[in-house]
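Each remark here refers to the structure printed beneath this line.
Just so it is clear, none of the values below were taken in a lab; they were calculated from the coordinates. Because the structure is predicted, anything quoted here is derived from the model rather than measured. Reconstructed Cβ throughout: ideal geometry from the backbone, glycine too, with neighbour counts over all protein chains shown.
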Amino acid sequence: RSSYPFHGEHQQGIVTPAQSTSAFVAFDVTVEGRKDLEQLLRTITERARFLTSGGRPDDTGITGPPSDSGLLGAMVPADGLTVTLSLGASLFDDRLGLGDAKPARLRTMEDFPNDDLDRSQCDGDLLLQICAHHPDTVLHALRDLTRATRGGMQIRWRKDGFVSPPRPSGTPRNLLGFKDGTASPATASPAAENALVWTRAVRGEPAWVAGGSYHVVRLIRMLVEFWDRVSIHEQENMIGRRRDSGAPLTGSHEFDDPHYELDPTGDVIQLDAHIRLANPRTTSSESEQMLRRPYNYDSGVDPNGNLDMGLIFACFNQDLDRQFVAVQKRLVDEPLVDYISPVGGGYFFSPPGAKTASDWLASGAF
Ligand code: HEM
């Protein structure tokens, strides 16, 4: 689609089918008080509203810089742009007086075993997830948003991502060469969305969070030079699926059920295979499923001459602990950890959508 509605109960960019390019940009706010923070959030909302609908930018005076970077020409196309705002735990600390509104499970991302987190690439007061059909549209939006909010927030970290086209069909592949996103229950039906994606005002959550979602981002480097030296058999055992078709090792088509009940001792799909640990498909693991919305990243070369690429693992959860954290804990020490290295990311909360032209994102927290 060429545009996604900005107003609604939920923010765009969550159940929206993943566009091909993205930027994940975390910011620290530099405003002093609650009133200025409100103004900052209103500005982000206004710019996102304009950019995601497209149109002609404001006229430019004859003096001073032009009102638009011009990257997309005189008429700004929507180009499938979505701008999703998420809030970090630090936004609710003593500085800004928003403590009472803090989503109950929001916190600084913990270190998991095998993590190698660079804290300068983690967390942040705000996160913008900007996605569109083309990279120049993403960059145009980022330039517009940073320019409009200058003085109110400062970039903390940024990672740009892309999704490959289906090769040759089905779900796109990640940079280990495997299809990524096959098992995606959370958007299968509105009932699944309501059970897995949208946060509700229960279990200690403040009322305003209803309709939002816990947004987890993990920047996971892939040690591709090592991976490319592993036999296909071993690769497939680590994941639990075939590399070519994406089928579970117990099946023949991508969307076949893995049928763990027919392989209780893990003779075909190992008990510690990634997909089996991530979702053992027991009754209790049903409510742990999440909405994954990952992107590949390529950041060139590290100082040692190794390829610096990996996965921007992004997911949305009704309940951070019941879903992402429970699954991540089970994945600790899976065989795949020798080939991946989490280096950054954070926990965020995506507030519900802006409902009308006068509403603004996170207004419920004020
Ligand atoms: C499934 C790769 C990190 C959770 C998969 C699949 C692949 C894959 C190839 C199978 C296809 C699919 O159903 O999408 C990777 C790689 C990772 C990574 C390369 C790191 C670089 C994570 C993390 C989590 C996670 C951090 C959550 C904590 C899942 C889940 C499934 C899955 C829930 C679906 C399992 C199912 O329902 O059958 N992953 N993954 N993955 N992964 Fe990951």
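Quick notes on this structure:
- Taken over the alpha carbons of segment 191-350 as equal point scatterers, the Debye sum produces base-10 log I(q)/I(0) values at 0.09, 0.15, 0.19 Å⁻¹ of -0.35, -0.93, -1.29.
- Sum of side-chain charges, LEU142 neighbourhood, beta-carbon under 11 Å (Lys, Arg +1; Asp, Glu -1): +1
- Taking 7 Å steps out from each Cα toward its Cβ at GLN39 and ASP321 produces label points 3.8 nm apart.
- Cα gyration tensor shape of segment 1-86, rounded if a/c is under 1.5, else prolate or oblate by comparing a/b with b/c: oblate
- Cα-based helix-to-principal-axis angle, 135-148 vs the chain, degrees rounded to 10: 40 degrees
- q = 0.22, 0.23, 0.25 Å⁻¹, segment 24-69: log10 I(q)/I(0) [Debye, one scatterer per Cα]: -0.95, -0.96, -0.98
- Put simply, the Cα atoms of segment 128-281 extend 58, 42, 25 Å along their principal axes, the longest span coming first.
- Annotation: amide H-H contacts under 5 Å for ASP160 (H modelled 1.01 Å from N, sequence separation of 5 or more, or interchain): PHE24.
- Principal axis extents of the Cα atoms in the chain, from largest to smallest and rounded to whole angstrom, are 70, 44, 39.
- Taking the helices alone, the chain has a mean residue ellipticity at 222 nm of -5000 deg cm²/dmol, built from -39,500 (n - 2.57) per DSSP H run of at least 4 residues and averaged over all its residues.
- Our note on the geometry: Cα centres of segment 226-279 and segment 309-358, 22 Å apart.
- Prolate/oblate/rounded label for segment 231-275 (Cα gyration tensor, a/c 1.5): oblate
- Mean separation of Cα contacts under 8 Å (6+ apart) over length of the chain, as relative contact order %: 27 percent
- Reported to the nearest whole Å, the Cα centre-to-centre distance from segment 94-136 to segment 145-217 is 13.
- Here ASP111 and THR356 are evaluated by their C-beta separation; at R0 = 45 Å the FRET efficiency comes out at 0.65.
- Taken along its three principal axes, the alpha carbon spread of segment 274-363 comes to 51, 40, 15 Å, from the longest extent down to the shortest.
- For the residue pairs LYS35/LYS329; LYS179/LYS355; LYS179/LYS329; LYS159/LYS329, the C-alpha atoms sit more than 28 angstrom apart in LYS35/LYS329; LYS179/LYS355.
- Anisotropy class of segment 115-169 from Cα gyration tensor, a/c 1.5 cut: oblate
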